[in-house]
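Throughout, read-outs are computed from the coordinates displayed, never taken from laboratory work. All values derive from a computational prediction rather than experimental measurement. Reconstructed Cβ throughout: ideal geometry from the backbone, glycine too, with neighbour counts over all protein chains shown.
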Amino acid sequence: MNERPLSPHLQVYKPQLTSMTSILHRGTGVVLSVGALFVVYWLYSLSQGAAAFESAQGLVSSWFGRLVLLGVVFSTFYHLANGVRHLLWDAGWGLEIKSAYQTGWLVVAFSVITTAFTAWMIFGGGA
């Protein structure tokens, strides 16, 4: 067998904000897909009667369910904001390195702030 050198892979490169936001965008898309399955389960349990719905509500209101909900909320805000960022890139705006980093940090800040506010509204008793 010929021992040819392999191309550099992820372990060679230093993580950068632009690469991390890209990977996180893909990851949040997966989380949103899994979250959609939880919504389908919840709606299906609703159609199966009170006992099935109570069981589903027990799962959703448990610490695990709340953690999943928080992950879906963050993923929604992040995926939305980064999707808008990508639309702007498609239009040719913000492709410079400085702009890419500024909008990257803006997307992260927006996602964290809106997730915290939503969590406070849902779990913290904000009316």
Of the convex hull enclosing the alpha-carbon atoms of the chain, the direction-averaged projected area in nm² is 13.5 nm²
Longest principal axis of the chain (C-alpha) makes with the long axis of helix 97-123 (C-alpha) an angle, in degrees to the nearest 10, of 10 degrees
Okay, helix-only estimate at 222 nm for the chain: each DSSP H run of n ≥ 4 adds -39500 (n - 2.57), divide by all residues, round to 500 deg cm²/dmol; what do you get?
-> -27000 deg cm²/dmol
Starting with the fewest neighbours, write out 3, 54 ranked by other beta-carbon atoms found within 10 Å of each beta-carbon.
-> 3, 54
